[in-house]
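The values are calculated or read from the model by the stated rules, or taken from the named source; none is laboratory data. All figures in this text were calculated on a predicted structure; none of them were measured in a lab. Please note: Cβ atoms are built from the backbone with ideal geometry, for glycine as well, and neighbour counts cover all protein chains shown. Side chains included, ligands, DNA and RNA excluded: accessible areas come from the protein's heavy atoms. Shrake-Rupley method; radii C 1.70, N 1.55, O 1.52, S 1.80 Å.
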Amino acid sequence: MSDPLALPVSEVAGIGAERAKTLSGMGLETVGDLLFAFPFRYDHYEIKDLNDVRHNERATVIGKVHSEPSLAFFGRKRSRLTVRLLVGHYLVKAVWFNRPYVKKQLTLGETVTVTGKWDQHRKTITVNEWKKGERSEDETIAPVYSVKENITVKLFRRIMETVVREFGEAVPEILPMALLERYKLMGRKDAVRALHFPESHGEIRQARRRIVYEELLLFQLKLHMFKKIRREDSEGLSQLFDSEQVDHFKQGLPFPLTAAQQRVTQEILQDLRSPQRMNRLLQGDVGSGKTVVAAICLYASINAGYQGALMVPTEILAEQHFESFKGLLAPFGVNIALLTSSVKGKERNEMLAALKSGSIDLVIGTHALIQDEIVFDQLGLAITDEQHRFGVLQRRTLTDKGPSPDVLYMTATPIPRTLAISLFGDMDVSTIDEMPAGRQPIETYWAKHSMLRRVLDFVEKELKKGRQAYVICPLIEESDKLDVQNAIEVHALLQEHFRKYKVGLMHGRLSAEEKEQVMDDFSENRFHVLVSTTVVEVGVDVPNATVMVVYDAERFGLAQLHQLRGRVGRGKAQSYCILLADPKSDNGKQRMRIMTETNDGFLLSEEDLKLRGSGDFFGRAQSGLPDFKLADLTHDYRTLETARADADQLIGSDAFWHKEIYQPLRDYLISVGATSRERID
């Protein structure tokens, strides 16, 4: 085989059939897989004077066995082995738990190196690692790998010694010299060796820096290739709307656009005019005015002779959008329809016929829009609101309802810039980063559960003013696993407390009709307090609601708390969000503090990313993020920005497609299918 890195792991000395099977279960099939299976951390074995070691600190010491080992058994299969070591001028106790076999390996007077937790008061070290003799200088940094079954860390280190020695020189360089020199990056094979067997902490940093840049550059090259193919190979619609009529529509809006709304509107309108297919994400904080931007762009598309579609995740949100868009667009002669699973029979058939004939200009609906029988005359603009609530196939099915409609995704969940670049790198991203003038910031407070009575008294003051309140609970009913307040229990408690007022209950187990009735009752002020699970997180608009109380707020991420908070503050009155929480962890306390300090969703999303990590921000399975071996978007965002700019420049340059020095990068794009239209779709 010409490529040594493609050899199966069984070709490595010391790896038999059983070990090869275990390595396969770890995702390690080839020599190359092993070389790039980097340690997740390093144990440091710096020999210290015990005077410099703090209590409970991990320490490595060298000493002579000064007494016969003493072994005591207690309980079932539990033991304690104690021996005195002479460490310099100190006599200390070394203790091994549940390793009775070590007794036979210790000899009076011999030198050993032990590593473990140092108890300064008892002059005792609890040993987790040890070896006979002194640890040599090149063993002071030891790699720690993720292993399983019959592969121990010690064995894996031995395997890696063989692999790096026998195959390390075969690691090919894939970055051109210009990039290596520009960023003073270590060579690829040197970086691989240094990550497995570093000679210093500085070498680890330089090796990691090299591999992180490489991972992020390859990822960004793939995304930019996707974007290039979408733009060049997909025939879009050149929607030639009347600019004067669109301006007239904007002037007729009940409020002036913010500078941010004007900017993103112009970006989208330019895409509509372009013959290339639009593939754009519009993100903006709760209340930033995305709906108005969508209305302007839909009007432009309809003005150009096309139809528009807006898909939303819930019937409640569909109905609210329908009412909003009807108020904005109907006066300009736009025919709007609402299509949900509730529309049935003759009404549904008539609506489908009108869509097919083109007499309906704009349809707003739920996933009912993507059913096979829904046919458009000429779909020009397909918008998906709260796009992360839909699967990839659902979003794609809507865009396939027309020959080549322009596509706009909207989200009110502010996404940190690093994740926006990574998750939506093959899209153009427009951001509304400004709130409309006159919108009062929501005052947010953190209260302990012991302060519940004061919180309810505050809610009652708002109710006496004719206002309404939300109370959010994490669970529907009692759980043995989580000690959290539940919606049914809280509903009963608040019915008893607010006897003069009506208290409603909504949760995910209600039918669509039941949810709709509850929300209608709350919207019409027939319910003064609504106890709910997080089904009200997105899209519910009740301007008269001024208080949001969140039970067990520490159970929620910052992004979700911010979405919940955005359900109030939608009218002219001052609104409040009260977080009931008794967080035990520092992380939980920090989340509560951050929520009380800012209403900026983008700032919160950055903090959420720092606290939770990129893999957990959306959930690893849904995130679309690759499993980087070393790169971490939480910390490596500056490298990501650099890699993104480099990838954009490379993909757009003629030299990248013809010069020999870029062949390894072109081969990578071919290997991951990034040059294939089929793989992209």
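Odds and ends about this structure:
- What the Cα convex hull of the range 274-345 gives, in volume per residue, is 132 Å³.
- Between the listed residues V92, P198, S288, the Cα displaced farthest toward the positive end of the dipole of the chain, a dipole computed from Cβ unit charges relative to the Cα centre, is found at V92.
- Computed on the range 226-362, with alpha-carbon pairs under 8 angstrom and 6+ residues apart, the relative contact order is 25 percent.
- Nitroxide proxy distance, nm - points 7 Å out along Cα→Cβ at V672 and H658: 2.6 nm
- Mean residue ellipticity (222 nm) of the chain, computed from DSSP H runs ≥ 4 via -39,500 (n - 2.57), nearest 500: -12000 deg cm²/dmol
- The chain - percent relative contact order, Cα under 8 Å, separation 6 or more: 12 percent
- Protein heavy-atom surface of the chain, 1.4 angstrom probe: 48% of the accessible area is carbon and sulfur, with nucleic acids and ligands not counted.
- Accessible surface, 1.4 Å probe, highest first, among residues H201, H321, H248: H248, H201, H321
- Placing unit charges on the Cβ atoms of the charged side chains and taking the dipole of the range 46-142 about its Cα centre, the candidate lying farthest along the positive direction among N51, S79, I141 is S79.
- Computed from the C-beta positions of Y42 and T534, the FRET efficiency with R₀ = 35 Å rounds to 0.30.
- Net dipole in debye of the chain [+1 Lys, Arg Cβ; -1 Asp, Glu Cβ; about Cα centre; nearest 20]: 2800 debye
- The range 344-385: proportion of alpha-carbon pairs further apart than 13 angstrom, %: 54 percent
- Dimensions in Å of the range 57-102 - Rg and Dmax from alpha carbons: 11.8, 37
- Cut-off 11 Å (backbone N to label point 7 Å along Cα→Cβ of K154), residues of the range 91-113: 102
- In terms of Cα atoms, the Rg and Dmax of the chain work out to 31.3, 98 Å.
- Segment D428-K629, length gained on full extension (0.36 nm per residue, minus Cα span): 69.7 nm
- For D636, solvent-accessible area (1.4 Å; no DNA, RNA or ligand), Å²: 20 Å²
- Using a Förster distance of 51 Å, the FRET efficiency for E29-N56 (Cβ separation, nearest 0.05): 0.75
- Based on every Cα atom in the range 187-269, Rg and the maximum pairwise Cα distance Dmax equal 24.6, 69 Å.
- Ranked order, L86, L408 - accessible area, probe 1.4 Å, largest first: L86, L408
- Taking all protein chains as they are arranged and a probe of 1.4 Å, the heavy atoms of R182 leave approximately 130 Å² accessible to solvent.
- Probe 1.4 Å, protein heavy atoms only - accessible area per residue of the chain in square angstrom: 48 Å²
- Farthest positive-ward along the chain dipole, Cα basis, beta-carbon charges - from Q378, A304, G116: G116
- Members of K103/K132; K148/K189; K465/K572; K401/K515; K48/K117; K64/K131 lying beyond 19 Å, as alpha-carbon distances in this model show: K148/K189; K401/K515
- Counting 0.36 nm for each residue step from L86 to D600 and taking away their Cα separation leaves a gain of 179.1 nm.
- For N335, nonlocal amide neighbours, meaning residues 5 or more places apart or on other chains whose placed amide H falls under 5 Å from its own, are D361, L362.
- In this calculation the C-beta distance from K21 to I174 is compared with R0 = 30 Å, giving a FRET efficiency of 0.50.
- Average Cα contact separation per residue, the range 187-304, under 8 Å, 6 or more apart, as relative contact order %: 28 percent
- Accessible area, probe 1.4 Å, largest first, for residues E641, E169, E110: E169, E641, E110
- Percent of Cα pairs exceeding the 17 Å cut-off, where the set is the range 1-129: 67 percent
- Evaluated on the range 136-190, the Kirkwood hydrodynamic radius is 13.8 Å, with distances taken between all distinct Cα atoms.
- Under 5 Å, built H, 5+ apart or other chain: amide partners of V531: V471, G504, L505, M506
- Area of I268 that stays accessible when all protein chains are in place (1.4 Å probe, Å², to 10): 0 Å²
- Label-point separation in nm, R205 to L240, each point 7 Å along Cα→Cβ: 6.1 nm
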